[in-house]
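The structure under discussion appears below in the form of structure tokens.
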Amino acid sequence: MPHIWCAGCGIGLATACFVRGIERAGLDLDKIALVSGIGCSGRVAGYVKVDSFHTTHGRALPFATGLKLGNPELKVAVFSGDGDIAAIGGNHLIHSARRNIDMTVICINNFNYGMTGGQLGPTTPLEAYSATSPYGNFEYPFNLPYLVAASGATYVARWTVLHLRQLERSVAEALLKPGFSFIEVISPCPTVYGRMNKRPRGLDEMHYYQEKSIVRNGADPKEADIVADGPIIVGKFVDIQRPTFFDFRNKVLNKAREQKKL
Amino acid sequence: MSKNGVLTGTFFMNGDAACAEGAISAGCRFFAGYPITPATEIAERMAERLPQVGGTYIQMEDEIASMNAVLGASWAGVKSMTATSGPGFSLMMENIGLGVMLETPCVVVDVQRAGPSTGLPTLVAQGDMMQARWGSHGTYEIIALVPSSPQEIFDITITAFNLSERYRVPVIILTDEAVGHMSEKVVIQEVAAEDLVSRKKPKVTPDKYQPYKPDKDLVPPMAIAGEGYRFHVTGLTHDERGYPAMNAEAQDKLVRRLSDKIRLNRKDIIRYEEIDTEDARVIVCAYGITSRIARHAVQLARNEGIKAGLLRLITVWPFPEERVRELGKKAKAFVVPEINYGQIVLEVERCAGGKAKTLLVPHMGGSVHLPQTILEAIRKAAK
């Protein structure tokens with residue numbers, strides 16, 4: 001099937017894992033609603049045969065929140081990139097995690113804004129080159145698993161697109177788990193980020209993952225910062241129980257009913 | 001209260017509260033918003049009432065999130081609304097455009113206050129009139145309604161939902177702080193089910209369904225999430241299948257239809273009220289709170305023997321071009337009082353077409369016109 005992604009891009013792999021994760025979870029495809037943002041990662045929505053919404057930059061999460069609150073029976077998933085979800089969408093990211101709204105977020109992190117030509121983003125490693133950091137990036141990046149876990153997400157994992165089996169398993173777990181699940185997927189972007197940072201082929205980046213990724217399930221997300229050319233800690237970091245948005249709401253409204261306030 | 005939680009009866013109610021009740025009467029069961037003076041009372045009332053009627057209130061982290069949540073809930077099949085004022089309206093603009101592009105029924109209330117920027121948060125103005133029409137980027141048409149009393153806010157909110165569902169477009173209720181915060185008698189009657197409009201449902205099976213294939217009225221039937229239609233919709237320019245179509249031909253077809261959808265159905269959409277215009281030489285064209293003062297000024301003018309009349313806009317967008325053109329042929333002049341430095345006057349002047357003079361009576365905001373000010377303008381126009 002023709003698609004827009006470059007040769008060597010990892011988004012196709014992530015999409016395949018997502019689809020197989022859905023199969024593994026045994027979900028009713030008619031009840032899945034997929035929301036994506038803008039960017040190369042945002043194009044996933046158009047390639048999966050479920051009810052899908054390609055929305056505005058950074059706003060997939062509030063749109064998904066509306067879908068879920070409008071019809072709680074929907075199984076809502078969000079596909080978004082690093083810039084979409086952590087820069088312009090950053091506010092929505094922390095609030096959605098805080099609320100623990102039942103949804104699964106797949107964040108493709110290729111360390112730049114690929115679609116627009118490889119500009120830096122909030123996950124670009126220090127000193128890395130990009131279209132807007134020609135001398136090297138001087139902004140310290142986010143550690144997404146740490147950010148999202150601290151905000152209240154109940155399932156947080158990070159894999160690279162090399163870790164196909166683990167990623168598929170994580171997708172299935174996340175989809176089945178109530179609450180806000182977040183999976184960061186490290187991916188090559190050979191056309192821009194890779195080319196500017198000495199790894200011009202998708203395979204170069206995959207070799208890097210193979211050499212430098214370390215699986216540490218249960219690791220403290222605080223320890224999972226990514227440094228340019230450094231080790232990438234991957235794994236299932238957080239898998240906890242916490243009441244969801246609906247749990248909190250039901251508790252409070254039921255109490256109000258008992259007290260005849262509602 | 002009636003069976004389904006709709007409030008019926010006679011009340012002394014402020015405009016914001018009447019708007020919330022109108023929404024509930026219209027079948028709105030989702031509100032996402034953010035506090036902002038002078039619209040906050042709409043959110044507060046919805047926070048109280050929606051759980052009573054089995055609906056959902058959520059306070060989002062900002063107005064941008066609120067607008068998106070409203071779109072999402074509408075795509076889940078729920079009639080949805082948000083309410084804000086100038087600064088929040090500005091934030092919502094991009095995603096009002098998304099609502100237009102996805103053809104999402106929803107209602108956005110702007111209780112106007114004085115701007116620009118933070119302005120006078122607690123005081124009236126009518127400075128967002130053009131913004132409601134042109135605020136989002138790109139080429140599109142929108143529907144905007146302007147009530148002038150709490151009772152009318154109640155009624156117009158129901159109309160807004162009906163129009164948004166029928167035409168699959170965000171409908172803006174452009175009220176103002178004076179009408180939103182005034183308390184007056186509001187009579188709430190049971191709305192018959194047949195008087196409420198819901199979006200057209202697909203008439204074909206999922207395998208044959210195309211999300212943006214329009215019917216003759218240029219409005220496509222709308223599938224919602226979770227019913228097996230497995231559709232794709234996007235804010236990118238798209239074809240009838242809903243998938244991106246990035247070329248000029250697709251742009252022409254789609255964008256033209258999004259505008260024609262409103263333009264060609266103008267007769268159904270446009271609403272206005274006329275008082276004493278049949279023989280009027282000077283026609284005051286006003287809307288919202290200003291129209292109430294204008295009505296009094298017109299009466300004072302008639303008392304002085306000036307043949308004055310009032311054209312009170314209820315829909316400001318689409319603008320009632322045809323009627324203004326007609327009136328412009330007979331009248332000597334239009335007088336346009338508005339609480340801004342000239343916005344709707346531009347439309348009036350354009351449609352007067354050089355036949356009738358157009359006189360703006362501006363007020364920058366913070367309070368309302370005095371009847372005397374409008375009367376003086378009527379006298380001047382009548383000379």
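The amide H of A:T160, built 1.01 Å from its N in the peptide plane, has A:I186 as neighbours under 5 Å, considering only residues 5 or more places off or on other chains. Remark: spin-label model distance A:E223-B:K380 equals 7.8 nm, labels positioned 7 Å along the Cα→Cβ axis. Whole angstrom only: what separates the Cα centroid of the stretch A:219-255 from the Cα centroid of the stretch B:311-376? Taking the Cα centre of the stretch B:311-376 as reference, the centre of the stretch A:219-255 is 57 Å away.
Taking Cα centre as origin and charging only the Cβ of basic (Lys, Arg, +1) and acidic (Asp, Glu, -1) residues, the dipole magnitude of chain B rounds to 1160 debye.
For B:R323 and B:W134, a Förster radius of 22 Å and the Cβ-Cβ distance give a FRET efficiency of 0.55, rounded to the nearest 0.05. Once the gyration tensor of the Cα atoms in the protein assembly as shown is diagonalised, the equivalent ellipsoid follows with semi-axes of 50, 26, 22 Å, ordered largest first. The phi-based Karplus calculation (6.51 cos²θ - 1.76 cosθ + 1.60; θ = phi - 60°) puts the 3J(HN,Hα) values of the stretch A:189-195 at 9, x, 5, 10, 4, x, 4 Hz, whole numbers, x for Gly and Pro.
Shape summary of the stretch B:186-301, radius of gyration then Dmax from alpha carbon positions: 21.7, 65 Å. Footprinting exposure proxy ranking of B:W75, B:W317, A:W5, fewest other C-beta atoms within 10 angstrom first, gives A:W5, B:W317, B:W75. Computed over chain B with a Gaussian network model linking Cα atoms closer than 10 Å, the most mobile of B:F231, B:F161, B:F334 is B:F231. Using only side-chain charges placed at the Cβ, +1 for Lys and Arg and -1 for Asp and Glu, the dipole size of the stretch B:251-354 relative to its Cα centre rounds to 280 debye.
Along the axis of the charge dipole computed for the protein assembly as shown (Cβ charges of +1 for Lys and Arg, -1 for Asp and Glu, origin at the Cα centre), the listed residues A:H92, A:T56, B:Q372 are led at the positive end by B:Q372.
Using a ≥ b ≥ c from the Cα gyration tensor of the stretch B:1-48 (square roots of the eigenvalues), is it rounded, prolate or oblate, where a/c under 1.5 gives rounded and otherwise the larger of a/b and b/c decides, a/b for prolate? Because a/c hits 1.5 or more and a/b fails to exceed b/c, the stretch B:1-48 counts as oblate.
Coupling constants for the stretch B:196-203 follow from the phi torsions by the Karplus curve (6.51 cos²θ - 1.76 cosθ + 1.60, θ = phi - 60°), and in residue order they are 9, 9, 10, 3, 5, 9, x, 9 Hz; glycine and proline get x.
Rg/Rh for the stretch A:25-90 stands at 0.97; both radii use Cα atoms, and Rh follows the Kirkwood definition. Each Cα pair under 8 Å and six or more residues apart adds its sequence gap; the mean of these over the residue count of the stretch A:31-106 is a relative contact order of 35 percent. Taking every alpha-carbon pair within the stretch A:76-210, the share separated by more than 28 Å comes to 17 percent. Be a star and scan the stretch B:349-383 for residues whose amide nitrogen sits under 16 Å from the point 7 Å along the Cα-to-Cβ vector of B:N303. Only B:370-379 fall inside the zone, counting backbone N under 16 Å. From the Cα gyration tensor of the stretch B:9-195, with a ≥ b ≥ c the square roots of its eigenvalues, which class applies: rounded if a/c is under 1.5, or else prolate if a/b is larger than b/c, or else oblate? Since a/c stays below 1.5, the shape of the stretch B:9-195 is classed as rounded. The overall shape of the stretch A:11-258, judged from the alpha-carbon gyration tensor, is prolate: a/c is not under 1.5, and a/b is greater than b/c. Putting +1 on Lys and Arg Cβ atoms and -1 on Asp and Glu Cβ atoms, find which of A:T191, B:G309, B:M81 reaches farthest to the positive end of the dipole of the protein assembly as shown. Ranked along the dipole, the leading option is B:G309. Spin-label model, A:V215/B:Y341: points 7 Å from Cα along the beta carbon direction are separated by 6.6 nm.
Computed FRET efficiency, Cβ-Cβ of B:A250 and B:D217, R0 22 Å: what is it to the nearest 0.05? Efficiency, rounded to the nearest 0.05: 0.55. For the stretch B:9-195, the relative contact order is 31 percent, taking Cα pairs closer than 8 Å that sit 6 or more residues apart in sequence and dividing their mean separation by the residue count. Using only Cα atoms, find the angle between the long axis of helix B:15-26 and the longest principal axis of chain B, and express it within 0 to 90 degrees, rounded to the nearest 10. Taking Cα atoms only, the helix is inclined about 40 degrees.
Go ahead and run the numbers for FRET between B:Q372 and A:K49, Cβ-Cβ distance against an R0 of 41 Å, rounding to 0.05. Computed FRET efficiency for B:Q372 and A:K49 comes out at 0.05.
Restricting the calculation to Cα atoms, chain B shows an Rg/Rh of 0.98 when the hydrodynamic-style radius is the Kirkwood one.
Each of A:N112, A:L13, B:N14 was placed along the dipole of the protein assembly as shown (beta-carbon charges, centred on the mean Cα), and the one lying farthest toward the positive end is B:N14.
Any chance you could give the angle, 0 to 90 degrees and rounded to 10, that helix B:63-75 forms with the longest Cα principal axis of chain B? For helix B:63-75, the angle is close to 60 degrees. In order along the stretch B:221-228, the phi-based Karplus estimate (6.51 cos²θ - 1.76 cosθ + 1.60, θ = phi - 60°) of 3J(HN,Hα) comes to x, 10, 7, 10, 5, x, 10, x Hz; Gly and Pro are listed as x.
Ignoring lysines fewer than eight residues from A:K212 along the same chain, the ones with Cα atoms less than 24 angstrom from its Cα are A:K198, A:K222, A:K236.
When the Gaussian network model of chain A links Cα atoms closer than 10 Å, the mean-square fluctuations of A:V105, A:V156, A:V252 top out at A:V252. Residue ranges A:113-121, B:320-328, A:77-85 sort as A:77-85, A:113-121, B:320-328 when ordered by packing (mean number of other C-beta atoms within 10 Å per residue, highest first). In chain B, the longest principal axis of the Cα atoms and the axis of helix B:248-263 are about 50 degrees apart.
Each Lys and Arg contributes +1 and each Asp and Glu -1, all at the Cβ; summed about the Cα centre of the protein assembly as shown, the dipole is approximately 860 debye.
Every number here is computed from the coordinates shown, using simple stated rules; none is lab data. What you are looking at is a predicted structure, and each value in this text was computed from that prediction instead of being measured. Every residue, glycine among them, receives a Cβ derived from its backbone with ideal geometry; neighbour counts consider all protein chains shown.
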